[in-house]
Amino acid sequence: MELRRRLIVGAATAAAFVCWPRLALCDDRCWILGVLLTPGATADRDAAAIMRAALERRGLVEGKHYVFALRFSGGDAQYLQAAKELVSMGVDMIVTMGGSPSVKAALEATKTIPIVMMSSADPVGDGFINSLAHPGGNVTGNCIFGVELAVKRLQLLVQALASPSAVAYLATNLGGFTKRDEQYDVALAQAASSMSIRMEFVKLRSFAELADAFAEIKQRNVDAVVLNNSAEFLGIRKLLAELALQHRLPAICDTRTFAEAGLMMSYGADLAYVLDKTADYIARIYRGAAPRDLPVELVLKFDLAVNTKTAAALGITFPKSLMLMANRVYA
């Protein structure tokens, strides 16, 4: 079969060249897998290797059965532009790794190309699918109940600090805040009230406001901060950790990359588990399954990471009960 060269153009970051090859020699049976990511996603050196291995276990080999086409972006407008670029270059599938905003953009860009969600907080509520059991369109993948996880992070932070009197919730949505953001606020306020904790809410509409936001949080006399599980935070996680430490604020976010970067804690979906499930969807669609017929599955495996070095710098010793729960410890 005549070979054709497919040039895969992605955003320029050094890690992207290492983790995700952008030029491959591929025959006509080879699919282009378009991937929407946040800029910070490239720094997770494990992700590409995990995805490749998961696909290979299912008989799909990079360069023979598929190649990656990457787009790095953040915010609704940038995601939509990136998704349209992938559609225009003729990708065979779009994998969204930037949370719900990237799913929304992909769906606006195409109603026919299969879309696999690495994660989405509320795909039914957001209108991406008809139901978890019967998606009904060109979207399927993984669902993570974001509101419940935000409450769990608050509970873990309280467990680490023993008796905080007030906690802040720092939320960002560069594309604008939605009704789901209000659901987070209500759930966290109720959970905090049940633990006799004052909850403060700070909204971040631009990363230019970040330093001021942390100063404001400190001025509100809180003991710790919960960061929302925004994919947009990935690219600035080291800055987040630095600001939290500067203001002596124990903080928790979603993925372990935040704890690795210096945040005191993280709690979220297990990366390897989610990537493996995502690879399964990719393989099944590659072999002919339609997204509308593949039920969206709930993520059921989670990862607690703690950074003992950061905790020590803040004068905090994690209780034994929390350390026994931790899947990863960064020292």
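Worth a mention:
- Estimated vicinal HN-Hα couplings, Hz - segment 229-236 in sequence order (Karplus 6.51, -1.76, 1.60; Gly, Pro = x): 7, 8, 4, 5, 6, 4, x, 10
- Anisotropy class of segment 185-289 from Cα gyration tensor, a/c 1.5 cut: prolate
- Extent of the chain along its three principal axes (Cα atoms, max minus min coordinate, largest first): 67, 38, 37 Å.
- Set of aspartates and glutamates with alpha-carbon distance to Lys309 below 17 Å, sequence-local pairs under 8 removed: Glu242, Glu260
- Taking other Cβ atoms within 10 Å as a rough exposure proxy, Tyr330, Tyr267 sort from fewest to most as Tyr330, Tyr267.
- P(r) histogram, all alpha-carbon pairs of segment 118-228 included - 5 Å bins from 0, percent: 2, 11, 20, 18, 18, 13, 9, 5, 3, 1
- Angle in degrees between helix 237-246 and the longest Cα principal axis of the chain, rounded to the nearest 10: 10
- Aspartates and glutamates with Cα under 15 Å of Lys84, excluding same-chain neighbours fewer than 8 positions away: Asp76, Asp92, Glu108
- Trypsin sites (Lys or Arg not before Pro) within segment 214-300: DSSP coil, no more than 15 neighbouring Cβ in 10 Å: Arg220, Arg248, Arg287
- Estimated FRET transfer efficiency (Met325, Lys111; beta-carbon r; R0 45 Å; 0.05): 0.55
We did not get these values from a lab; they are worked out from the coordinates using the rules stated. These figures come from a predicted structure and were not determined experimentally. Ideal geometry is used to build each Cβ from the backbone, glycine not excepted, and the neighbour counts take in all protein chains shown.
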